[in-house]
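Novice: First the structure, which I've put down as structure tokens, then a few questions once you've had a look.
What follows draws every value from the coordinates through simple rules; no lab data is involved. Computed from a predicted structure; not experimentally measured. Backbone-built Cβ (ideal geometry, glycine too); neighbour counts: all protein chains shown.
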Amino acid sequence: MDSQTSQSSQASPSPHTFQVDLRGLVDLLSHHLYSSPKVYLRELLQNAVDAITARRAEQPDAPARVRLSVDAGGGLRVEDSGIGLTESDVHSLLATIGRSSKRADGLQAARSDFLGQFGIGLLACFVVAERIRVVSRSARTPEAPPVEWTAADDGSYTVRTLPDAERPEPGTTVHLVARAGAAEWLAEERVLALARDFGSLLPYDVRVGEEEVTDLPAPWDRAYPSPANRRVALARHCHELFGFTPLDSIELNVPLAGIRGVAYVLPAAVSPAQRAGHRVHLKGMLLTERAEQLLPDWAFFVRCVLDTDSLRPTASRESLYEDETLAAVREALGERIRSWLTGLAAGDPQRLAAFLSVHHLGVKSLARHDKEMLRTMLPWLPFETTDGRLSLEEFAQRHPVVHFTRTVEEYRQVAPIASAQGVGVINGGYTYDSELVEALPSVRPGTVVAELDADTVTAHLDAVDPAEELALAGFLAAARARLDPLGCDVVLRAFHPLSVPALHLDDRASRHEQARAEAEEQADDLWAGILGSLRGSAPRARVVLNHLNPLIRRISSLGDAELIGTATESLYGQALLMAQRPLRPADSALLNRAFMGLLEWATNGEEGR
């Protein structure tokens with residue numbers, strides 16, 4: 001290697017500057033960063049409001065106005081009385097992608113007062129405009145002439161100074177010329193609607209033509225003659241904003257987090273899995289109307305609108321940045337909603353009952369993690385029970401042992417029989433219900449809670465006299481032989497109501513064993529051996545025959561074992577249908593076989609007569 005080559009290889013690399021394809025960047029903004037072209041107007045309002053905020057930080061008595069107007073050619077003008085720009089500001093800020101005046105040293109101290117934190121700025125306007133013209137005059141150096149910056153969507157721009165008459169007062173005017181296919185976004189009606197949507201809570205005088213945009217104070221901050229008038233006004237606001245009339249409204253005032261707003265209670269039940277969209281304003285500017293992470297998951301029954309000065313927006317300024325501040329706000333807002341619920345429980349049971357009739361699921365979701373909420377809601381939360389629809393508190397007062405089932409199917413099996421025997425049962429098969437029943441002793445000491453299974457139900461049924469059961473041994477043997485291949489036992493008991501001839505009982509353990517046995521039958525030798533080794537001592541399902549029922553008495557007196565077997569299969573199928581259990585293929589085949597067997601017996605008997 002010669003010395004020249006060695007020196008060349010050790011030379012420092014020369015720096016280069018990234019080249020930006022503005023058309024490609026605009027496409028990225030319009031299709032990926034922003035959800036809609038409408039955000040261009042928010043960017044314009046944001047820049048104007050921030051400019052006014054910056055000027056007032058230095059000149060507290062400076063005017064604070066923003067004026068939007070659509071000219072005859074369809075272009076949009078936005079004029080503000082803000083701090084303005086010098087020629088050097090224009091070169092360093094407007095013409096450099098990613099740089100923001102909010103980062104300038106002179107404004108750093110007041111940065112928390114600005115809406116924008118990202119240096120994209122006017123670039124977003126190229127989503128709807130093919131050309132942008134900015135005329136600005138600095139309030140810091142009023143002796144400097146106005147400056148004009150004109151840019152096209154191909155990335156080119158020009159800068160020049162203007163005579164004083166072009167802009168005698170400090171501030172900035174932005175003029176947009178619509179790009180092909182985007183003229184509708186600059187139409188006057190659309191501009192007015194967007195300005196009101198984004199800027200109704202802005203602290204300055206904002207107008208489109210002569211139409212006022214701002215509507216202050218916010219509905220939740222206004223003084224009303226009475227609480228009733230306040231509820232009516234907020235209900236009207238909710239209907240205008242969200243399209244529904246709320247069951248109630250909840251104040252969301254968290255001063256330490258700089259939050260003011262209101263939560264509206266939905267008038268109809270919604271799925272807990274449905275993500276709620278909330279409207280969030282940042283220092284008066286609408287940030288998003290689809291904030292999903294603002295409230296705890298259990299508070300899916302409300303829609304919120306609020307204004308904050310503490311939460312951080314994402315780069316697109318269309319959602320909230322997930323950080324410790326948002327987590328703290330979420331907890332604080334959840335506490336406000338929790339306090340509203342406990343307040344209703346203490347002072348307005350009628351409104352609470354109306355709320356719970358629609359949204360008991362949301363409160364149950366909260367109560368299973370919050371013992372204080374469970375204790376508060378015990379007299380109010382409704383549960384399906386064998387005594388009717390009752391609260392846990394009322395049910396526990398009636399029954400020394402609180403029995404419950406974990407599934408709706410199990411409840412349907414035992415509810416009629418348990419009720420007739422005086423055994424109270426809660427249907428724990430619905431969302432959160434079994435968890436709340438099991439948590440009952442933690443908030444109501446001394447309460448005994450027990451899961452109801454087939455053995456417990458059978459134990460509450462009256463045993464048949466041993467002599468009578470011995471006399472029916474042949475009948476029971478024939479019945480058991482017929483149901484044994486189905487993994488089901490036959491038991492004889494006496495119980496009410498008399499109209500029920502047979503009861504099918506099983507539990508999760510017996511269903512698991514049944515599923516294992518079916519899988520073993522269908523598996524090859526290897527898997528059958530493995531599944532066989534898993535066979536446990538789990539109890540089998542059982543059919544409980546009612547010795548008090550007249551039909552059972554007549555069947556038990558039959559002398560034909562085949563006919564007894566057919567009748568037993570029919571009783572088994574009827575018990576399954578009563579319990580609303582899903583039928584397996586083997587069960588369906590049994591029902592068909594039993595039906596045909598009974599028809600054959602009936603027709604043969606008719607012929608014999």
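Novice: Taking Lys283 as the anchor, which aspartates and glutamates have their alpha carbon closer than 12 Å to its alpha carbon, excluding any fewer than eight residues away along the same chain?
Specialist: Straight-distance partners of Lys283: Asp50, Asp113, Asp307, Asp309.
Novice: Also: What FRET efficiency do you get for Ser339 and Thr407 if R0 is 45 Å and r is their Cβ-Cβ distance, rounded to the nearest 0.05? Walk me through the intermediate numbers first.
Specialist: Details: r = 35 Å, r/R0 = 0.78.
Computed FRET efficiency for Ser339 and Thr407 comes out at 0.80.
Novice: Modelling each spin label as a point 7 Å along the Cα-to-Cβ direction, I'd like the Ala332/Glu189 distance in nm, to one decimal.
Specialist: Here the answer is 4.2 nm between the modelled labels.
Novice: From the Cα gyration tensor of the range 338-435, with a ≥ b ≥ c the square roots of its eigenvalues, which class applies: rounded if a/c is under 1.5, or else prolate if a/b is larger than b/c, or else oblate?
Specialist: Prolate is the answer for the range 338-435, as a/c is 1.5 or above and a/b outweighs b/c.
Novice: For the range 316-376, state which chymotrypsin sites (Phe, Trp or Tyr not before Pro) are in a DSSP loop and have at most 14 other beta carbons lying within 10 Å of their beta carbon. The partial results should precede the final answer.
Specialist: Working: sites: Tyr321, Trp340, Phe355; in loops: Tyr321.
For chymotrypsin sites (Phe, Trp or Tyr not before Pro) across the range 316-376 that sit outside H, G, I, E and B with at most 14 neighbouring Cβ atoms in 10 Å, the list reads Tyr321.
Novice: Right, another one. Taking 0.36 nm per intervening residue step and subtracting the Cα-Cα distance, what contour gain separates Thr150 from Arg554 on full extension? Mind showing how you got there, number by number?
Specialist: Values: separation 404, 0.36 × 404 = 145.44 nm, distance 10.07 nm.
The Thr150-Arg554 span can extend by a further 135.4 nm.
Novice: Now a separate question. Assuming R0 = 25 Å, what is the FRET efficiency of Glu468 and Leu563, from their Cβ-Cβ distance, to the nearest 0.05?
Specialist: In this case the efficiency is close to 0.75.
Novice: Mind checking which aspartates and glutamates have their C-alpha under 15 Å from Lys38, skipping anything on the same chain fewer than 8 residues away?
Specialist: Straight-line reach from Lys38, under 15 Å: Asp27, Glu184, Glu188, Glu189, Asp197, Glu289, Glu318.
Novice: Quick check on packing: order 166-173, 326-333 by the mean number of other C-beta atoms within 10 Å, highest mean leading.
Specialist: On the way: 166-173: 19.1, 326-333: 17.4.
My ranking of the peptides, most packed first, is 166-173, 326-333.
Novice: Between Leu599 and Asp197, what is the label-point separation in nm under the 7 Å Cα-to-beta-carbon projection?
Specialist: Computed distance between label sites Asp197 and Leu599 equals 6.5 nm.
Novice: Within the range 203-222, what residues put their amide N at less than 20 Å from the label point 7 Å along the Cα-to-Cβ vector of Gln59?
Specialist: Only 203-207 fall inside the zone, counting backbone N under 20 Å.
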